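Comments concern the structure below.
The values are calculated or read from the model by the stated rules, or taken from the named source; none is laboratory data. Model, not experiment: these values are computed from the prediction. For neighbour counting, all protein chains shown are included, and Cβ atoms are generated from backbone atoms with ideal geometry for every residue, glycine included. Surface accessibility is based on the protein's heavy atoms, side chains included, excluding ligands, DNA and RNA. Shrake-Rupley method; radii C 1.70, N 1.55, O 1.52, S 1.80 Å.
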Amino acid sequence: MKLLETTATTAVALTALLGTAVAPARGFSITPNNNGSALLQSLLGDTTGLSNFSVNPIRNANAFGIFENDPFELGSGIVLSTGNVTEIPGENTEDGRNLDYATDLSTDFGIEGDTDDSISLDISFDADSTADKVFFQYVFGSEEFLEFGGSEFNDAFELLLNGTNLAKLSDGQDATIANLIPNRSGTYHPDFINNPAGPDTLTKLDGYTKTLAFEGLLNKNSRNTLTINIKDTADGLMDSAVFLKGGSLGTAPPAETVPEPSVVLGLVGVGAIGFLKGRRNQKKQKF
């Protein structure tokens, strides 16, 4: 009876210790939001040395949103898309090699004078003498994979700090469809992650990058401008999107990677087994 009580007590203690880690994961969701203040609040992290922020979302309101529980392991943050952001979560029903506008993720906003559905978020701020660099983390994804690798439909993501594009792949190339997928059947860029159709998929995007982190030099004691831009190229079809990790934009470098929940659970589980064995041995020694 004592052993059963101890086991039950330990289970309760473990549940309290793990908290949300043992709770069922919620689904990937995006809430449309083009309120500049809300987007900025979600995006900014440690902004020591920065002040007087102003923000301006440019173009269609349906292209901006705040995401949670994403499949890219960012956790939460903001998303800009060349289509309706609410359509991004869900099962991918195409394998990235068959063109079907009826089922593919494809919205043409039909913006007058803009065939590329170019969507931007402009952020301006002052940097004092202590602010050296600004950091950010992002994932670039698209429905253009794999059909349009190496074609003229070369959707792209840019993050311009005072005119300099910081949105680069790990080898320094620009974050574009052609640089990630030079052609449909060739060797893909090591930063590319394929998302084939299947019931276990959480996003309709046919592919996306690994989480990429980069930094840029600030103009000290001056006004700085950051432009986040995502655009279709050559037409407004087949949507692309960029996901920026919440709390990652600021003057502090990204934190080191922590163990995934499964690893933590394993470690705690091993500790629990050791604890129970110790309790059983103590009980045996008493008799």
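Does L161 count as within 30 Å of G49 (Cα to Cα), modelled with pLDDT of 90 or more and touching a helix residue (DSSP H, G or I) at 6+ places or on another chain (Cβ under 9 Å)?
no
In this structure, does V22 turn out to be touching a strand residue (DSSP E or B) at 6+ places or on another chain (Cβ under 9 Å) and either modelled with pLDDT of 90 or more or of a type in the set (A, V, I, L, M) (or both)?
Against the criterion (touching a strand residue (DSSP E or B) at 6+ places or on another chain (Cβ under 9 Å) and either modelled with pLDDT of 90 or more or of a type in the set (A, V, I, L, M) (or both)), V22 does not qualify.
Quick check on D126: is it at pLDDT 90 or above, in contact with a Lys or Arg (Cβ under 8 Å, 6 or more places away or on another chain) and surrounded by fewer than 19 Cβ atoms within 10 Å (Cβ to Cβ)?
Working: at pLDDT 90 or above: yes; in contact with a Lys or Arg (Cβ under 8 Å, 6 or more places away or on another chain): yes; surrounded by fewer than 19 Cβ atoms within 10 Å (Cβ to Cβ): yes.
Against the criterion (at pLDDT 90 or above, in contact with a Lys or Arg (Cβ under 8 Å, 6 or more places away or on another chain) and surrounded by fewer than 19 Cβ atoms within 10 Å (Cβ to Cβ)), D126 qualifies.
Across the stretch 35-48, what is the number of residues that are open to solvent by 70 Å² or more (accessible area, probe 1.4 Å) and of a type in the set (S, T, N, Q)?
Summing the residues that are open to solvent by 70 Å² or more (accessible area, probe 1.4 Å) and of a type in the set (S, T, N, Q) in the stretch 35-48 gives 4.
Could you tell me whether the stretch 215-225 includes any residue that is at pLDDT below 95, basic (K, R) and outside any loop (DSSP other than H, G, I, E, B)?
Among the residues of the stretch 215-225, not one is at pLDDT below 95, basic (K, R) and outside any loop (DSSP other than H, G, I, E, B), which makes the answer no.
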